[in-house]
1. Mind checking which residues of segment B:132-153 are touching a Ser or Thr at 6+ places or on another chain (Cβ under 6 Å) and open to solvent by 10 Å² or more (accessible area, probe 1.4 Å)?
2. Sort out which residues of segment A:587-621 are of a type outside the set (Lys, Arg) and within 15 Å of residue B:19 (Cα to Cα), and write them in order of number.
3. Taking the options A:240, A:234, A:215, A:170, name whichever one is closer than 16 Å to residue A:288 by Cβ and at pLDDT 95 or above.
4. All but one of (1) touching a Gly at 6+ places or on another chain (Cβ under 6 Å); (2) in contact (Cβ under 8 Å) with a residue 40 or more places away in the chain; (3) more than 30 Å from residue B:82 (Cβ to Cβ) hold for residue B:321; which doesn't?
5. For segment B:68-76, indicate whether the set of residues that are open to solvent by 10 Å² or more (accessible area, probe 1.4 Å), closer than 30 Å to residue B:341 by Cα, touching a residue at least 40 places away in the same chain (Cβ under 8 Å) and more than 14 Å from every other protein chain (Cβ to nearest Cβ) is non-empty.
6. Inspect all residues belonging to segment B:303-312 and state whether any of them is among the aliphatic types (A, V, I, L, M), out of contact with any Pro (no Cβ under 7 Å at 6 or more places or on another chain), part of a helix (DSSP H, G or I) and closer than 28 Å to residue B:223 by Cα.
7. Return yes or no: is residue B:186 crowded, with 24+ Cβ neighbours inside 10 Å, more than 14 Å from every other protein chain (Cβ to nearest Cβ) and basic (Lys, Arg)?
There are 2 protein chains.
Amino acid sequence: MPMPSSAQRADGALTVTPASGLSHFAFRYDASHDARLEAATLRMLDRLDRTCGGDVRRSALATDTSGATLLTIHVAGPGGAVQGVDEDESYTLKVTPEAATLTAATDVGAMHGMETLLQLATNVRGACVLPAISIEDTPRFRWRGFMLDVSRHFEPVPAVERQIDAMAVAKLNVFHWHLSEHQAFRAESKLFPKLTSVGSDGQFYTQDQMRAVVAYARARGIRVVPEFDMPGHATSWIVAYPELGSGEDLHGLAIKFGVPPGEMDPTSPAVYKFVDALVGEMGAIFPDAYFHIGGDEAPGDSWMKNPKIKAFMDKHGFTKPDELQAYFNQQLLPILKKHGKQMIGWDEILNPALPKNIVIQSWRGEASLSAGAKQGYQGILSAPYYLDGEKTSAQMFLADPIPVDTTLDAGQQKLILGGEVCMWAEQLDAETVDSRVWPRTLAIAERFWSPQNDRDTSYMYQRLRRVSAELEDVGVMHLAGPERLRRNLVSTAEASAQPETRAAAGHALDLLASVTEPFSFGERYNAQRTDARTSLDRLVDAVAADPPARQEIAGAVDALIGKAAPGKPAPHAPDTSGDVSAGGRLSRQDAMSDLRRRFAAWQDAVPALLTLAAQSPRMDDAGPLALLWGETGAVGTQALGYLDAKTAPTAEWTEHAREVLDRAAKGGALVHFAYVGSLRRLVDAAAALPAPQTAAMGSDAK
Amino acid sequence: MPMPSSAQRADGALTVTPASGLSHFAFRYDASHDARLEAATLRMLDRLDRTCGGDVRRSALATDTSGATLLTIHVAGPGGAVQGVDEDESYTLKVTPEAATLTAATDVGAMHGMETLLQLATNVRGACVLPAISIEDTPRFRWRGFMLDVSRHFEPVPAVERQIDAMAVAKLNVFHWHLSEHQAFRAESKLFPKLTSVGSDGQFYTQDQMRAVVAYARARGIRVVPEFDMPGHATSWIVAYPELGSGEDLHGLAIKFGVPPGEMDPTSPAVYKFVDALVGEMGAIFPDAYFHIGGDEAPGDSWMKNPKIKAFMDKHGFTKPDELQAYFNQQLLPILKKHGKQMIGWDEILNPALPKNIVIQSWRGEASLSAGAKQGYQGILSAPYYLDGEKTSAQMFLADPIPVDTTLDAGQQKLILGGEVCMWAEQLDAETVDSRVWPRTLAIAERFWSPQNDRDTSYMYQRLRRVSAELEDVGVMHLAGPERLRRNLVSTAEASAQPETRAAAGHALDLLASVTEPFSFGERYNAQRTDARTSLDRLVDAVAADPPARQEIAGAVDALIGKAAPGKPAPHAPDTSGDVSAGGRLSRQDAMSDLRRRFAAWQDAVPALLTLAAQSPRMDDAGPLALLWGETGAVGTQALGYLDAKTAPTAEWTEHAREVLDRAAKGGALVHFAYVGSLRRLVDAAAALPAPQTAAMGSDAK
């Protein structure tokens, strides 16, 4: 994962480590190899050890390398000194029962091939093998990005590096670093030290750290595009250097999240002088050809209220703030050009006044992106890939930068460079970032890399589960992080609790987490009024979107009553498009017993959760949720009873069951139950059973 | 934990967050407060949020601070610009139902007080409170260190910082950083760049990183003492700069672990010139008054073989290498003095030729330490605190730098500055460091801080369990790390396994891990011949020493058959001194059912483990272990049966049971079962039951 462009399986397999005995793995370079490729090879060996046992690295690094070479690495050259949009990322990987060959034009292509090789390695009856296969692979899109907002909440360097490690697994190639916001400016400037000393809470990246992250990313074939958002989202700049602002009264760094205030003054020459110097300074740290200027959500309220700015607009014949922002961006162009940078920005920078070599990042959606392409602008798609929407992997996987029914012609399609996954940080911190980003981003990365016709969500989920486990090998904490938070929720509850009570609470909480997922960004904000001081350490932070149980339950329900009819979900019903089963081929009987076991376990877990909710201030809203969870378990058990007996329920039961599910669909304690759609199908199937025999007899007897 | 010098509980409690409603926590400084103290206060608020729910920080940082001040922080001054051995670390903490006051002479004392306050916070019926108490606290020893070897295996900066975070929780105050070894030199030198470019595998700390770690430690009241080991353990130096060596043929950095070769030439003026420059460079990065020169394990074989060195020794009348090493150390003294440093080194530097202001770190033991003190040398004890001995927390807790029966007089006792926990890294990496170091180091830290008469191991374990959970709040991975490794052991097993099979394997592996612990360093080395290329990702790396189950099982056995007789363990029997129960007050009946449940679960888990062992090359030695584990479960079940029926087993059964336990005591797959001592007591108790009624009748009938 992502699926290669083309792969031909053959018979047999190449043995890396035999079932009994030590590995005899060896490799050689038969063309160029620089330090970057060597480091990548060592990382590959370490990870191969994880699958194949501890002898692969030892064998490969032994000074005595007699014995057959298993892997030949043929790389034509290192690739660009600064990786560009058009870097050749293709590779071929050929495995026969005798040997493997990895061929690529660049280090970057070779590294992609190594990730594929690692995913092929598997244990069969105690032997570790690579199946015989011939893969020719090249990405569908050139720009496959992941944006991380480190400004609303800070992410320390190790957390950033973990994301880059995982990006390499997913074959993503652009790390878009959102470094400034109303809440903080996170990049040390030696020219303008107040940007961080005044414009942050003290948490920021030193220039050495930023250079180290750029080097870390380059070592993994990943570009780093920094974003300094202007002229809006700029409170931190203006608090540090008030002369940049439009005269608003800002009262320090923003605590609340949202759009205004905090806009620069596009009419001030001092602003351009400042930006010129800053782009020069940051441009030297970030060698990428692109520089992201943000450009989003500057409604210009402050401009319209400022007489000096209003006069400027009148003089230039600008009637709307949009026109002033286009003017602002026009002034930035020569500055970026002077420093050797091309402009990228959000939707709002799209304006006919700007030249065609800029890149538009679309947070407004695919239609907006297409509209840009029709005007001749390059673009990348982000709207469907906002992780804080807490959508399923399947939903995001199916969203395509160039859908099948696109109205773009071939030339216009070439302007769509790719897409970017976006992780905004209003409700995110270093403890939760991994579980919010992964494994779902793997599904989107496959969309960016693999052929357009790769749309089988069930097969996608099967592979997602496997690679999700592998992500922990590169240090990602997407499973361990929420576990720790849950353990902490239990350990900080009432100290007098007995060990057995705590064990039961821990078990119940893990079970609850396995079937729940976070409220979306908007839902959580509305319920909690999250601001920069809100602690992110409650149940909602200890669960992950799109839990595997969703597919498992959907698969069991499929096995029991047949697949759901395709088509739009009913109005007001939960969106069940993510409820695809993952390769479940359960018998009807196994499905019945699997579901019975689950529903019973939910009901059993309720008392321990109620106790925990009473003991932990951080769980004080979880009591009603636990009771509701138990109710859904009871409804499920009863529905199975009707289905098993092939007896229709009474109308009263059906009404009750649907009422429970309607309440359950709303969730609680900032989380949703991930299985409500499947459970509704069970209830509907029970309700559709033929009426009981007695009623039929009554009818006959009339 | 550690226990304060003096504490008086009073009635009532101070409410931080009421059962219903928001926190009204507020604090103020009524004397000096610098940036360090402010940062420490913010960290305290974050952690208080974890216990008390998310409103404490929000409330404390709100601009509207009307309402009662709950905590007054009175700190006389920041303390030394460079923290010294004699820094005043004392504090008083007074909590009444109305308010709390923390008083200290220095930031360091105040930070210790904050840790104590955090441990007091507890939830009672949904309210978060601090119990009313009056604490006056000061450490017993001035030097409470933790040594981390980052040379045999590297630890990245975040892993180092996690240890420092946890040290602060434990009120330890010296981070001893073992930066050079045969395997690698880990500190960037700008004067001698080959020390890392040639003398390491590329993994080292930049000077910026080292300065950042020093600052990070200082922010937490912790000194950093760097160690550059010489003249032995110096292969990495000599590989980089051969002119430092004694003419040995070194063949690159050491792969094998052990003592020789790799000794500097004490007769070469170039060596002293080099060391002078290096101490100057590193001394500026590490401002501490002490500089650790290592000095251990330089047997001098290379010196005796080198004619030039031998001639030098003859000329000076040295007959043994010891004398040449004392000469070496004498030459170092003026160098250290020139750079404002005092010498600290391992046992071997103890020599009458050296002055009395040096500090001896004793890896040889308490007797060696006392011998030094009697000669007037200052010392710190380390021998009993080698974590890779995999001893229990209780064993290490009971080892005292100044035992009750010490033969030192009061003046000599003052020379014992304290002790250091040592974590050597032959069998350690970044993934396992947390679980090897914590929570056991908490027990040793209490020995260094708390009064000598604090020796109740059962009470110690009760508190250890609680603080162990809190350690995850500062980011320590001692629980999450092994969990991830176990999950990985399952996920990398045969890919074709069904999800249910994997779930069963995961559950069985977690259960096995909960009752096993690693082989000691020596046992593992003998079994595995560990070297620098060995992967540290097997079962032994996924279990932790002294698991809680040891105490739980011991407690249940105590409840069932009474406490074990004190005294020495029998010859060849496993050392059961760690088998103390932790506050278990089980009824006899509860103990019986607890043990029955455990023994049955072990037997049930065997098949899933056998399957896993067959599927995973990294578990290929776990099959026999699993079978043996099941056998012990069966023995336990049978012993309970005899005890329940109050019927003596046959001699045949007893013989069989003891044979199983003898095999179990040896362990397997590099791990030991942690409960063998307790199970042996059960078997002994069964064997000691009165003979069955029939035999008695037979006797009567005679």
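The values are calculated or read from the model by the stated rules, or taken from the named source; none is laboratory data. Bear in mind that the values here come from a model prediction, so they are computed numbers and not experimental data. Positions of Cβ are generated from backbone atoms using ideal geometry, with glycine treated the same way; all protein chains shown enter the neighbour counts. Heavy atoms of the whole protein, side chains included, go into the accessibility calculation; ligands, DNA and RNA do not. Shrake-Rupley method; radii C 1.70, N 1.55, O 1.52, S 1.80 Å.
1. B:136, B:138
2. Applying the first criterion (of a type outside the set (Lys, Arg)) to segment A:587-621 yields A:587, A:589-595, A:599-617, A:619-621.
A:611, A:612, A:613, A:614, A:615, A:616, A:617, A:619, A:620, A:621 - these are the residues of segment A:587-621 that are of a type outside the set (Lys, Arg) and within 15 Å of residue B:19 (Cα to Cα).
3. A:215
4. (2)
5. Let us first name the residues in segment B:68-76 that are open to solvent by 10 Å² or more (accessible area, probe 1.4 Å), namely B:68-69, B:72, B:74, B:76.
This time we only want the ones that are closer than 30 Å to residue B:341 by Cα, so: B:76.
Filter once more, keeping what is touching a residue at least 40 places away in the same chain (Cβ under 8 Å): B:76.
Add one more test, that the residue is more than 14 Å from every other protein chain (Cβ to nearest Cβ), and what stays is B:76.
Yes: segment B:68-76 contains one or more residues that are open to solvent by 10 Å² or more (accessible area, probe 1.4 Å), closer than 30 Å to residue B:341 by Cα, touching a residue at least 40 places away in the same chain (Cβ under 8 Å) and more than 14 Å from every other protein chain (Cβ to nearest Cβ).
6. No.
7. Numbers: crowded, with 24+ Cβ neighbours inside 10 Å: yes; more than 14 Å from every other protein chain (Cβ to nearest Cβ): yes; basic (Lys, Arg): yes.
Yes: the conditions hold for residue B:186.
Matching residues to (1) buried (at least 17 other Cβ atoms within 10 Å of the Cβ); (2) facing chain B (nearest Cβ under 10 Å); (3) farther than 18 Å from residue B:618 by Cβ:
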residue: A:26; (1), (2), (3): yes, no, yes
residue: A:33; (1), (2), (3): yes, no, yes
residue: A:49; (1), (2), (3): yes, yes, no
residue: A:91; (1), (2), (3): yes, no, yes
residue: A:95; (1), (2), (3): yes, no, yes
residue: A:98; (1), (2), (3): no, no, yes
